[in-house]
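S.K.: A single structure is presented below for examination.
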Amino acid sequence: MTSMAILGVLFLLLALYCGLDPFKHSAISEFPDFEAYKVDMPSWELVPTVKDKDNLLQKSEIKFLKQVQGPESLAFDPLGRGPYTGVADGRVLFWDGEKWKDFAYTSSNRSELCNPKPSPLSYLPHEHICGRPLGLRFDKNTGDLYIADAYLGLFKVGPEGGLAVSLVTEADGVPLRFTNDLDIDDEGNIYFTDSSSKYQRRNFMQLVFSSENSGRLLKYNLHTKETTVLMRNLQFPNGVSLSKDGSFLVLCEGCPGRLLKYLLKGEKAGTSEVFAILPGFPDNVCTNKDGDFWVAIHCRKFMFSHLLGLYPKLRKFILKLPISSKIQYLLHIGGKLHALVVKYSPEGKLLQILEDSDGKVVKAVSEVEERNGKLWLGSVLMPFVAVYNLA
C-alpha cells in the first residue's frame, strides 16, 4: 500500500471517528436532543474594545482562600454586617468579622453528599440535592434575606437564618429550573431570573453552547403572593438590579452579551430596550450608592464565539466533534480564564473598566459589590473572594 493510500485510510478513519464519536467525548454526547440556536448578536463593530491596559484587578487582595467554594453573590445586611455569600455545598455563610458561620440553607435534604470537596465544580453532580444559592438580596426594612436557589426556586429566610422558606417554584405552570439572580424594591416586589426551562445549572455549559431562548424575567409580589412573567424568550438571562430611583431595572442577557433595560414606571412601563452592548458575556449586575451599575463579565468576546453565535449549524457541527466540554469552553473564552468588570451610568454610558486579562490574580468574577470604596468580587468558579480598593 502506498503512502498516499495509507494517508487516505487514516483520514477516513479520523473522519469516521469524528463523525461517530464512539467513545462519547463530545461536549453534547449526553444530550441527544441538543439543538443550537442563533444568538441575537450585536454587530461586531458595536462591541466595546476599550481595555484596562494596567490590568488593575491584579492589585486585588485575595481573601478567604479555600474557606469559601464558589461564592457567587455577596451581600451585606441592613446593619452593615457581612459579607454573606452562597457557596457550592448549598449553604449561605456569614462573615462575622473573625470567621465564617453557617447562616442559612435552602434544601431540607442535605446529607454527606454535601460535605467539603476540593473545588466548586466538584459539587455539580449533587447540587440538586444540596441546593445551590446564587443571587442574594436583603430587604433593608425587615432584614429578611431573599435567595435565588438554582434548583429549588425563590426563598426567604429571616434575620436569624436557618432553613429558608420556599416562595416560588414555578410560573405559568412552568417549573423554575435555573433560578439565578434577584432584586427587591421598596414595595415588596421581587424581580428574579430563571435562566432556562430546559437546562439546569449543572449543565450551564450546554446552555451556553445551545443558547436556547426559554429564559424568563419574573416578578413575585410579597403581599399578593402572585408571580408574573415580565419577559420571555431570553437567551441565558442572569443578573438583575434595580435602578437607584426604582423606575427601571437592568438585566444581563448572557448569550448576546448585553444589558437590557426594563421600564417599571412611566408611560412605557412594561417595555424593554437594549441598555448597553458589553465587551463580553455578563454574569451579575449590582447598583452602587450613586446609581451606577457594576457588571461582572465572565469573559471577553472573541470573533470565534461571535461567529458561532450567528451560525448555529456550524456551532452544532463543531460541538459534535470528539472534543471535551472543557476544551470547547476554552475555545470560546480565548484560551484562558480572565476577569473583567465594567461600570455603567444610569444612562448606559461606559464609565470604567477593570480587568485581569491574564488571570494572574482574579481568574473569574461573577458579581461586583461596591462598598466603602472597595469592590468585593465573588466568583462561582473560584475558592476565594477578591477585594479591589478603588482608592
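The values are calculated or read from the model by the stated rules, or taken from the named source; none is laboratory data. Given the structure is predicted, the values throughout are model-derived calculations rather than measurements. All Cβ positions, even for glycine, are placed from backbone atoms using ideal geometry, and neighbour counts span all protein chains on display.
S.K.: Considering only region 372-386, state which residues are over 13 Å from residue 68 (Cβ atoms) and surrounded by 17 or more Cβ atoms within 10 Å (Cβ to Cβ).
M.R.: Selection gives 375 alone.
S.K.: Out of the residues in region 149-177 that are of a type in the set (Gly, Ala, Ser) and out of contact with any helix residue (DSSP H, G or I) (no Cβ under 7 Å at 6 or more places or on another chain), state the one that is nearest to residue 219 (Cα to Cα). Before you say what the answer is, go through the steps one by one.
M.R.: Pass one, region 149-177, residues of a type in the set (Gly, Ala, Ser): 150, 153, 158, 161-162, 164, 166, 171, 173.
Pick out the ones that are also out of contact with any helix residue (DSSP H, G or I) (no Cβ under 7 Å at 6 or more places or on another chain) and you get 153, 158, 161-162, 164, 166, 171, 173.
On the way: 153: 13, 158: 20, 161: 24, 162: 25, 164: 19, 166: 15, 171: 10, 173: 15 Å.
Looking at the filtered set, the residue picked out is 171.
S.K.: Now, a different point. Farther than 15 Å from residue 90 by Cα and either buried (at least 21 other Cβ atoms within 10 Å of the Cβ) or of a type in the set (Gly, Ala, Ser) (or both), is that true of residue 158?
M.R.: For residue 158, the condition - farther than 15 Å from residue 90 by Cα and either buried (at least 21 other Cβ atoms within 10 Å of the Cβ) or of a type in the set (Gly, Ala, Ser) (or both) - is met.
S.K.: Now for a separate question. Filter region 107-149 down to residues that are surrounded by fewer than 22 Cβ atoms within 10 Å (Cβ to Cβ) and of a type in the set (A, V, I, L, M) and give me whichever is nearest to residue 167 (Cα to Cα).
M.R.: Looking at residues that are surrounded by fewer than 22 Cβ atoms within 10 Å (Cβ to Cβ) and of a type in the set (A, V, I, L, M), I get 129.
S.K.: Is there any pair linking a residue in region 147-170 that is within 16 Å of residue 190 (Cα to Cα) and of a type in the set (Lys, Arg) to one that is assigned to a loop (DSSP other than H, G, I, E, B) and at pLDDT 95 or above, with Cβ under 6 Å and at least six apart or on different chains, and which?
M.R.: 156/144
S.K.: Here is a further query. Please enumerate the residues belonging to region 224-243 that are under 18 Å from residue 150 (Cα atoms) and outside any strand (DSSP E or B).
M.R.: Those that are under 18 Å from residue 150 (Cα atoms) and outside any strand (DSSP E or B): 235, 236.
S.K.: Tell me which residues, restricted to region 153-201, are aliphatic (A, V, I, L, M) and not in a strand (DSSP E or B). So that I can check it myself, show each step before the final result.
M.R.: Pass one, region 153-201, residues aliphatic (A, V, I, L, M): 154, 157, 163-165, 167-168, 171, 174, 176, 182, 184, 190.
Correct list: 164, 176.
S.K.: Go through region 199-251 and give me each residue that's surrounded by fewer than 18 Cβ atoms within 10 Å (Cβ to Cβ) and under 16 Å from the mean Cα position of the chain (by Cα).
M.R.: 205
S.K.: Test each condition in (1) over 16 Å from residue 52 (Cα atoms); (2) touching a residue at least 40 places away in the same chain (Cβ under 8 Å); (3) touching a Leu at 6+ places or on another chain (Cβ under 7 Å) for residue 308 and report the one that comes out false.
M.R.: (2)
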